[in-house]
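Colleague: Here's a structure for you.
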Amino acid sequence: MTDSDTQEVHRLQRLEIDMNVTDMTSENVLELAAHLDTQDVLAPFRSHFHFPQHDGMDVKYFCGNSLGLQPKNADRYVSEELEDWRALGVSGHFSARRPWFSYHRWFAEPLAMLVGAKTHEVVATNTLTVNLHLMMTSFYRPTEDRYRIIMAGNEFPSDRYAVESQVRLHGFDPNEGMIEIQPLTGTDSLSTQQIVDAINEHGASVALVLFSGVHFFSGQRFDMAAIAKAAHDVGAKVGFDLAHAIGNVELSLHEWDVDFAVWCSYKYLNGGPGAIAGAFVHKKHLLDMT
């Protein structure tokens, strides 16, 4: 549990006391939930999105982890691009309302805000798995002695396939080169201490620690700052897949000294199917041409 998670638990406990909710019956839970709804500063944003209908009513949409809802202004922005393409043709690369040649620059500031980075540390480009391969090409530099990649067990399949292919590409056996940490018997998640202990256990043989920010299946939020420190303490690089974290939880990649991160934008960023992904590289690496 991260510090912010602990603070949220304490806040809810104080609310329970203030509202005299000592018996958490279904009625009291609903009362507490209704009270929290009135305090939710993000609630007005609900009106900015289209909701699928069922029997004439908005559905209760809990699938943002798979595909975010369509923003109501998406039609306007897409129409403007089609209008510029129709009116300008190739000249739209430099003369459109949002010139296509430099389109990625429009996203540097908001992406930096979302992941806690400098604007020159982020870019909107490619897809998540393509970016993951590009990042590992630069940051996974195995040697005869330091070649292992540590990751969570039951990680998202495409991440695992990418890691396995990179390990094989460098001539190593994935059974030896991939350390997948499994939850302890009787538990459904990994404690931060368990992750740190695994990193320390394999220490000098670890080339890269690669985790998700929020696990796709369990929803567990990992302590990225602690994982980054543990990886660096043993001389390894650290990267994160933020597919389920960006737009969902607060991030401070630059401050946490994360080496790299990748993400998609069709989940909690509501970019739509096939939307452009993104990547982060800490500024300390930006002048490293090796």
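The values are calculated or read from the model by the stated rules, or taken from the named source; none is laboratory data. Since this is a predicted model, take the numbers as computed values, not measurements. For neighbour counting, all protein chains shown are included, and Cβ atoms are generated from backbone atoms with ideal geometry for every residue, glycine included.
Colleague: On the given criteria, is E27 over 26 Å from the mean Cα position of the chain (by Cα) and modelled with pLDDT of 95 or more? Let's see the steps before the verdict.
Modeller: Values: over 26 Å from the mean Cα position of the chain (by Cα): yes; modelled with pLDDT of 95 or more: no.
It is false that E27 is over 26 Å from the mean Cα position of the chain (by Cα) and modelled with pLDDT of 95 or more.
Colleague: Could you go through segment 259-280 and let me know if any residue there is under 19 Å from R160 (Cα atoms), over 14 Å from the mean Cα position of the chain (by Cα) and among the small types (G, A, S).
Modeller: Scanning segment 259-280 turns up no residue that is under 19 Å from R160 (Cα atoms), over 14 Å from the mean Cα position of the chain (by Cα) and among the small types (G, A, S).
Colleague: Go through the residues of segment 201-209 one by one and say whether even a single one is acidic (D, E), out of contact with any Leu (no Cβ under 9 Å at 6 or more places or on another chain) and closer than 24 Å to F172 by Cβ. Quick ask: steps written out before the conclusion?
Modeller: Pass one, segment 201-209, residues acidic (D, E): 201.
Now restrict to residues that are out of contact with any Leu (no Cβ under 9 Å at 6 or more places or on another chain): 201.
Next, only the ones that are closer than 24 Å to F172 by Cβ stay: 201.
Yes, that holds for at least one residue.
Colleague: For segment 248-279, which residues satisfy the criterion of being in a loop (DSSP other than H, G, I, E, B), closer than 29 Å to N73 by Cα and of a type in the set (A, V, I, L, M, F, W, C)?
Modeller: V249, L251, C264, L269, A275, I276, A277
Colleague: Six or more apart or on different chains, Cβ atoms under 7 Å: show the pairs whose first residue is in segment 118-130 and farther than 12 Å from D241 by Cα and whose second is of a type in the set (D, E, K, R) and part of a helix (DSSP H, G or I).
Modeller: Close Cβ pairs satisfying both conditions: K118/K283; T119/E109; H120/K283; E121/K283.
Colleague: Of everything in segment 51-90, what is in a loop (DSSP other than H, G, I, E, B), farther than 26 Å from A245 by Cβ and charged (D, E, K, R)? Give them in sequence order. Walk me through how you get there before you give the answer.
Modeller: To start, the set of residues in segment 51-90 that are in a loop (DSSP other than H, G, I, E, B) comprises 51-52, 55-56, 59-70, 72-73.
Filter once more, so that each one left must be farther than 26 Å from A245 by Cβ: 55-56.
D55 - this is the single residue of segment 51-90 that is in a loop (DSSP other than H, G, I, E, B), farther than 26 Å from A245 by Cβ and charged (D, E, K, R).
Colleague: Okay, moving on. If the requirement is being among the charged types (D, E, K, R) and either in contact with a Pro (Cβ under 6 Å, 6 or more places away or on another chain) or under 30 Å from M113 (Cβ atoms) (or both), which of these qualifies: E144, E176, E164? Break it down stepwise before answering.
Modeller: Values: E144 fails: either in contact with a Pro (Cβ under 6 Å, 6 or more places away or on another chain) or under 30 Å from M113 (Cβ atoms) (or both); E176 fails: either in contact with a Pro (Cβ under 6 Å, 6 or more places away or on another chain) or under 30 Å from M113 (Cβ atoms) (or both).
Checking each option against the conditions leaves just E164.
Colleague: With G203, G186, G153, G213 as the choices, which residue is closer than 17 Å to W263 by Cα and either free of Cβ contacts under 8 Å to residues at least 60 places away in the same chain or small (G, A, S) (or both)?
Modeller: On the way: G203 fails: closer than 17 Å to W263 by Cα; G186 fails: closer than 17 Å to W263 by Cα; G153 fails: closer than 17 Å to W263 by Cα.
That would be G213, the only listed residue that is closer than 17 Å to W263 by Cα and either free of Cβ contacts under 8 Å to residues at least 60 places away in the same chain or small (G, A, S) (or both).
Colleague: Go through segment 113-130 and report how many residues are part of a helix (DSSP H, G or I) and touching a Ser or Thr at 6+ places or on another chain (Cβ under 7 Å). It would help to see each step written out before you state the result.
Modeller: First pass over segment 113-130, keeping only residues part of a helix (DSSP H, G or I): 113-115, 119-121, 128-130.
Still in the list and also touching a Ser or Thr at 6+ places or on another chain (Cβ under 7 Å): 129.
Counting residues in segment 113-130 that are part of a helix (DSSP H, G or I) and touching a Ser or Thr at 6+ places or on another chain (Cβ under 7 Å) gives 1.
Colleague: When only residues in segment 48-80 that are free of Cβ contacts under 8 Å to residues at least 12 places away in the same chain and of a type in the set (G, A, S) count, which is farthest from A275 (Cα to Cα)?
Modeller: That would be G56.
Colleague: Let me ask another. Is there any pair linking a residue in segment 223-246 that is in contact (Cβ under 8 Å) with a residue 40 or more places away in the chain to one that is aromatic (F, W, Y) and part of a helix (DSSP H, G or I), with Cβ under 6 Å and at least six apart or on different chains, and which?
Modeller: Within 6 Å, the pairs are K237/F139.
Colleague: For segment 204-247, which residues satisfy the criterion of being in a loop (DSSP other than H, G, I, E, B), crowded, with 24+ Cβ neighbours inside 10 Å and among the aromatic types (F, W, Y)?
Modeller: Selection gives nothing.
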